[in-house]
Structure formats: structure tokens, C-alpha cells
Amino acid sequence: ANMSSVRRYSVIGASVLILPPAFVAVPEWDRDLMSSGAPVYASDYIKKGLDNDSIIGEIKRKNSTLYYNSSGLSVASVTKSDDGTLSLKVDGSVEATTGFEALTVQHLIFDLALILHQGESKDVLLVGLGSGAALDAAAAYPVERIDCVEASPSVIGAIEFFGAERVGLEERER
């Protein structure tokens, strides 16, 4: 056996002995913390003068994770805050909520788009599913076809948590 074969088998043998225990020793992700957007909102916590343990405690006290899915492309989660508001977060950044203002904005954005087209739109393309609020707004208009494209499979499963805010979307077909 030459030296490169000995080296190769040594590396393989060491890997077989070291890697499995290393994977077992890695703790599971804290989904509440991972979906909280801590890196996105870190400056808010730092301005409050909180240490790491206090930040984690505040995050866990204010939010509970109802849905968590990592598609490899992104991590989507639905959290419920202490005031009952649901939030869809993609990689920790809030993309949609059940707050009245957010839902109103989603509908107004779509209303504005159709008003600008003076009601002549027959086909609608929505890029991004989010909570489904814009899709619901589109379904309220007499358009012939609605296509919605969502790049992240993990977001699609989150829509079921926002059903109460959508008005009979599943019953409409176009």
C-alpha cells in the first residue's frame, strides 16, 4: 500500500468515528428563536440594552411558532404574538400579518392595480402567495384567470393559518 492509500483510509476511518457522534451532539434548532427574525430586529433589542438571555426570553414570551418549514430555499413560519396577531415570516422577516392595517394595504394595492387598468384586466399574475390576502382581493374582481407564483415551497403550507382572513377563496375557481 502506498502512502496516499494509507492517508485516504485514515481520513475515511476518522470520519466514520468522529462525524456520527458530532451530528448527535448538535442541538435541535430553536424554532421560536429561528423564526423570530432576531438578526433582522437585533438592533431593536440592542437599543433596549438586553443581554442574550433577556432577548431570547422576550422573543419566547411575545411569540409562539405555529408553523415552521424549511424548504432549503427559505424558512417560512407563522407566529402568533401575545396580542393574537398572526404573522407570516420568511427568513425571519414579516411578509404578512392578520392585522387590519396590513390586510387593508394588501387589498388596496390590488385595487389600485386594477383601477389603473380601468377594469380591462382579464388575466392576473400575482408574484408571491404570502398570506393569500392579495389573491383574495384578486378573486373579488371579475377577472377570467388568476395565476399566483410562489418561489418558496415552504410559504405554501403557511396559507392555511390565514384562512379566516380570506373570504371563501377556496370556493372560487378561476
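The values are calculated or read from the model by the stated rules, or taken from the named source; none is laboratory data. A quick note: this is a predicted structure, and the numbers were derived from the prediction, not measured. Here the Cβ is made from the backbone with ideal geometry for all residues, glycine too, and neighbour counts use every protein chain on show. The area values use the complete protein model at the heavy-atom level, side chains included, leaving out ligands, DNA and RNA. Shrake-Rupley method; radii C 1.70, N 1.55, O 1.52, S 1.80 Å.
Before moving on, here are some points about what is shown:
- The order of the peptides 129-141, 76-88 by mean Cβ neighbours within 10 Å, most packed first, is 129-141, 76-88.
- Measuring gaps between exposed loop sites in the chain (GluC sites (Glu not before Pro); DSSP loop; at most 11 other Cβ atoms within 10 Å), the longest gap, sites not included, is 29-119.
- Cross-link reach is defined here as a Cα-Cα straight distance under 27 Å, omitting same-chain residues fewer than 8 places apart; for K60 the lysines meeting it are K47, K48, K80, K89.
- Using the 1.4 Å probe convention, the accessible area of the chain works out to 65 Å² per residue with neighbouring protein chains retained.
- Whether segment 1-124 is rounded, prolate or oblate, judged on the alpha carbon gyration tensor where a/c under 1.5 counts as rounded: oblate
- The fraction of accessible area contributed by carbon and sulfur in the chain is 59 percent, rounded to a whole number (1.4 Å probe; ligands and nucleic acids excluded).
- GNM result for the chain, Cα springs below 10 Å: residue of V90, V16, V149 fluctuating most strongly: V16
- Annotation: aspartates and glutamates with alpha-carbon distance below 13 angstrom to K62 (same-chain offsets under eight excluded): D32, D82, D83.
- For the chain, the Cβ-based charge dipole about the Cα centre amounts to some 820 debye (Lys, Arg positive; Asp, Glu negative; other atoms uncharged).
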